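The values are calculated or read from the model by the stated rules, or taken from the named source; none is laboratory data. All values reported here derive from a predicted model rather than from experimental measurement. Glycine also receives a Cβ, built like all others from the backbone with ideal geometry; neighbour counts cover every protein chain displayed. We work out accessible area using only protein heavy atoms, side chains counted, and drop any ligands, DNA or RNA first. Shrake-Rupley method; radii C 1.70, N 1.55, O 1.52, S 1.80 Å.
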Amino acid sequence: MRFDPLSNRVLGFALDVHRAYGPGLLERTYEELLAIELSLAEVPFRRQVGLDLLHRGVAVPNAYRLDMVVGEALVVKIKAVEAILPVHRAQLLTYMRLSGYRLGLLLNFNVVMLRHGIVRMVL
């Protein structure tokens, strides 16, 4: 798989976390561990980024929460589920479309080999 440099870095950190702990943790724990890796590498990111929605001219503040935005360019959705379902892909696409970010990673840590839990999306 060929990814852009930012995605490659995030995937490297995710692989490090997965190698250390494997499947079985909670999503928020994987998010925290990935945040530690990003912080140690001094990669800029934000967690639990609120995303407003405008419906019929009425603002709905924090209608969505993005797990992570890395480098103000990449949306990262973290899962710890048995399998990535179409709804998970749809969530990431919705987040990307509403936020204006064109690149997204869906990372499912609940797999034996992380490469089977990676989905990359580009708008």
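Percent of Cα-Cα pairs more than 20 Å apart in region 3-75, please.
Working: 1031 of 2628 pairs.
Roughly 39 percent, once rounded to a whole number.
Just to be sure I understand, if you calculate P(r) over Cα pairs in 10 Å bins from 0, in percent for this structure, which of [x] 15, 50, 33, 3; [y] 12, 41, 32, 12, 2; [z] 13, 47, 33, 7, 1 do you get?
It is the one labelled [z].
How large is the accessible surface per residue of the chain, computed with a 1.4 Å probe and reported in Å² as a whole number?
Numbers: 6990 Å² over 123 residues.
Per residue, the chain has 57 Å² of solvent-accessible surface.
If I take R0 = 30 Å and measure r between the Cβ atoms of Q91 and L40 in this structure, what FRET efficiency does the formula 1/(1 + (r/R0)^6) give, to the nearest 0.05?
0.60
How many percent of the accessible area of the chain is carbon or sulfur, using a 1.4 Å probe? Can you show the working numbers first?
On the way: 3830 of 6990 Å².
Carbon and sulfur atoms account for 55 percent of the accessible area of the chain.
How high is the FRET efficiency between N62 and D4 when r is their beta carbon distance and R₀ equals 41 Å, given to the nearest 0.05?
0.90
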